[in-house]
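Asks: One structure is given below, represented as C-alpha cells, and several questions about it will come after.
Throughout, read-outs are computed from the coordinates displayed, never taken from laboratory work. Since the model is a prediction, treat every value here as computed from it, not as a measurement. Methodologically, a virtual Cβ is constructed for each residue, glycine included, from the backbone with ideal geometry; neighbour enumeration extends over all protein chains shown.
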Amino acid sequence: MKSIFLFLLFSSLIFGVDFYKSENHVVDTLNNTMWQDSPNDVKVLKHQDTAVLYCEDLELDGYADWRLPTVKEFKKIIDKKRKNKEPKIVKAFQYVLLDHYWTQDRTWRNFFTWGYYVHFNTGTIYYDNKTYPKYVKCIRDGN
C-alpha cells in the first residue's frame, strides 16, 4: 500500500497534479496529506467531540492514523471558484455535501463549548455549539 502511495506521489510531482483520488481517499501532494473521501463522508453525523474520536478510530485503505482536520488544513482544499450548487472543495473529492463538516478547532466562546466547521456550500468557516451534529471528513499525514 505504501509503495503505491509513494509511486502516485512521485508521479503527481512529475506531472504537477496537486490532488488525486485513490481508493477511499484523496491525496494532496502539495501539502503531503491524505483526506478521507468515502461514502461515509455523506452519511456520518457526529458532535465535535465524537467526530474527533471517529477519526482517531478510523481504519481506511490500510491506514489507522487519521484525525479530524484543523481550520488551516480545510482552507487548503476549499475552492471558492466552483460554480453555484457545487461544493466549494477541490474537484478531486467525490463524496462531499453542500453542508457542514467539523474541524478540530475550538473557540473561546462560551468557555470553549463552541467549535469551528466548514460549510462547503460557501467554503466559509463558521463556529457553532460543539454538541450539534455535523458531517466528518478525516485527514492523515502522507508520510
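Asks: If the chain between residue 75 and residue 121 were fully stretched, how many nm would it gain, using 0.36 nm times the residue separation less the Cα-Cα distance?
Replies: Separation in residues times 0.36 nm, less the Cα-Cα distance, equals 15.2 nm.
Asks: I'm a student and want to see the number: the projected area of the Cα convex hull of the stretch 2-141, averaged over all directions, in nm².
Replies: 8.1
Asks: Return a whole-number percent for the relative contact order of the stretch 2-141, with Cα pairs under 8 Å and 6 or more residues apart as the contact set.
Replies: About 27 percent, as a whole number.
Asks: Hey, another quick one. Kindly put 112, 93 in sequence by how many other C-beta atoms sit within 10 Å of each C-beta, fewest to most.
Replies: In order of increasing Cβ crowding within 10 Å: 112, 93.
Asks: Roughly how tilted is helix 2-15, in degrees to the nearest 10 and between 0 and 90, from the longest Cα axis of the chain?
Replies: Its long axis makes an angle of about 80 degrees.
Asks: Helix 48-57 versus the longest principal axis of the chain: what is the Cα-based angle in degrees, 0 to 90, to the nearest 10?
Replies: 30
Asks: Once label points are set 7 Å from the Cα along Cα→Cβ at both residue 132 and residue 59, what is their separation, rounded to one decimal in nm?
Replies: Going by the 7 Å Cα→Cβ label model, 3.5 nm.
Asks: Still on this structure, please answer the following. Using +1 on the beta carbon of Lys and Arg, -1 on that of Asp and Glu, and nothing else charged, what's the dipole of the stretch 22-143 about the Cα centre, debye to 20?
Replies: Computed about the Cα centre, the dipole is about 760 debye.
Asks: Now for a separate question. Going by how many other Cβ atoms sit within 10 Å of their own, how do 108, 102, 66 line up, fewest first?
Replies: Ordered from fewest to most neighbouring Cβ atoms within 10 Å, 108, 102, 66 come out as 108, 66, 102.
Asks: Points 7 angstrom from Cα along the Cβ direction at residue 43 and residue 18: gap in nanometres?
Replies: For residue 43 paired with residue 18, the spin-label model returns 3.1 nm.
Asks: Continuing with this model, one more query. Taking +1 at the Cβ of each Lys and Arg and -1 at the Cβ of each Asp and Glu, which of 110, 33, 53 sits farthest along the dipole of the chain towards its positive end, judged by Cα position relative to the Cα centre?
Replies: Positive-end residue among those listed: 110.
Asks: Give me the base-10 log of I(q)/I(0) for the stretch 95-141 at each q in 0.13, 0.16, 0.17 Å⁻¹, Debye formula, one uniform scatterer per Cα, rounded to two decimals.
Replies: After summing over all Cα pairs, the log10 values are -0.28, -0.42, -0.48.
Asks: I've got another one for you. If we count other beta carbons within 10 Å of each Cβ, what is the order of 99, 57, fewest first?
Replies: Ascending Cβ contact count within 10 Å gives the list 57, 99.
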